[in-house]
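Worksheet: one structure, shown below.
The values are calculated or read from the model by the stated rules, or taken from the named source; none is laboratory data. Just so it is clear, the model here is predicted, and its values are computed rather than measured. Backbone-built Cβ (ideal geometry, glycine too); neighbour counts: all protein chains shown.
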Ligand code: CA
């Protein structure tokens, strides 16, 4: 399944090879094109990247200064990687234009989830006027849904869930993808809430077969219904 706004080119600015190396390898395995630099000066020479992962403790320039200079010339999303758990550092980083931050040692999945969330914010999916799937109609602009001619009142998360599945009807969307995109990019809690929402959505739409459970993976919207 493809999403508009998925990050493809990542600039990793980190002088510590023990962090940069596995990070770059992991991201490359996920399909990202990774450029690695170890200094602020080199970071400022890079163009055409979709997101910057920026260590604050660099050998030449202060990470804050690098952040400020990148932000002064481009809207490229920046995720600050900081060894400093101090709230002040986080706030300063965000004030200088960073979009998010992770504190070392950070979880790899956490970082990727944040990158995805930022990519979505940077390039939201262009809303279609009204999408029809079988007898269901979805209007993303007004967030309204109809079953036939009858409007179906959905809770916000129910709408988001339906809209996500409808982005690529027929394609399987994993439970983790749904939790990250509909709930929270930092979601690692129990996933029962997802099942509750799917059940409610099926009931409200009056078409239990519309949302198929793909056992052990996730859900998909039946393209034909
Ligand atoms: Ca460093």
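Just so you know, in region 71-83 the residues that are within 14 Å of the ligand (Cβ to nearest atom) and either under 21 Å from the mean Cα position of the chain (by Cα) or assigned to a helix (DSSP H, G or I) (or both) include one that is farthest from residue 118 (Cα to Cα), and it is 82.
Selection of region 107-121 for residues being modelled with pLDDT of 80 or more and over 15 Å from residue 13 (Cβ atoms) yields 107, 108, 109, 110, 112, 113, 114, 116, 117, 118.
Scanning region 193-208 for residues that are closer than 18 Å to residue 170 by Cβ, more than 25 Å from the chain's Cα centre (by Cα) and modelled with pLDDT of 90 or more gives 202, 205.
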